[in-house]
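First up is the structure itself, then whatever we jot down about it.
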Amino acid sequence: MISFKYHFNQDLVELQASNWIGLEQVFVNGKRVSRKLNFGPKSEHEVQLHSGDPCKFQLFIDPNSEQMICRIYKQNRLITSIKQGKENLMQSRLLLQSVIIVMAVSSLGMLLVV
């Protein structure tokens, strides 16, 4: 799971993206305001902040650096561009693979006992 967080004046916005199942979610102050499945190299979410101002998230992978980039716009003005490198993607994949292996070995162990 990859997470991008940003503080506006009174709002904490967060975009979470699963690099395995394609689920993307946007939260404003802990409340989910957008959710979609995406298996492509880019996506976009448009939400409203607590103040009623529009906020747009653009999520994409830079083909040159292989970094995941989240651009956040408020009232169609770029506020910030947050990057996460290839290492973060690899760490989350390794963690998920480890969990799957442990579960598979545990299941096999239970089958052998029965």
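A few points about this structure:
- Share of pairwise Cα-Cα distances greater than 21 Å in the chain is 45 percent (whole percent).
- Listed by chain and number, the lysines placed with their C-alpha closer than 23 angstrom to that of LYS56 are LYS5, LYS31, LYS36, LYS42, LYS74, LYS83; residues fewer than eight positions away on the same chain are left out.
- 222 nm mean residue ellipticity, helices alone, for the chain (DSSP H n ≥ 4; -39,500 (n - 2.57); rounded to 500): -9000 deg cm²/dmol
- Taken about its Cα centre, the chain carries a charge dipole of about 120 debye when Lys and Arg each add +1 at the Cβ and Asp and Glu each add -1 at the Cβ.
- Cα-based helix-to-principal-axis angle, 86-113 vs the chain, degrees rounded to 10: 30 degrees
- Sparse-neighbourhood loop sites, chymotrypsin sites (Phe, Trp or Tyr not before Pro) in region 34-67 - DSSP loop, at most 14 other Cβ within 10 angstrom: PHE39
Readers should treat all values here as calculations from the given coordinates under stated rules, not as data from a laboratory. The structure displayed is predicted, hence computed values, not measured ones. Note that each Cβ is placed from the backbone with ideal geometry, even for glycine, and that neighbours are counted across all protein chains shown.
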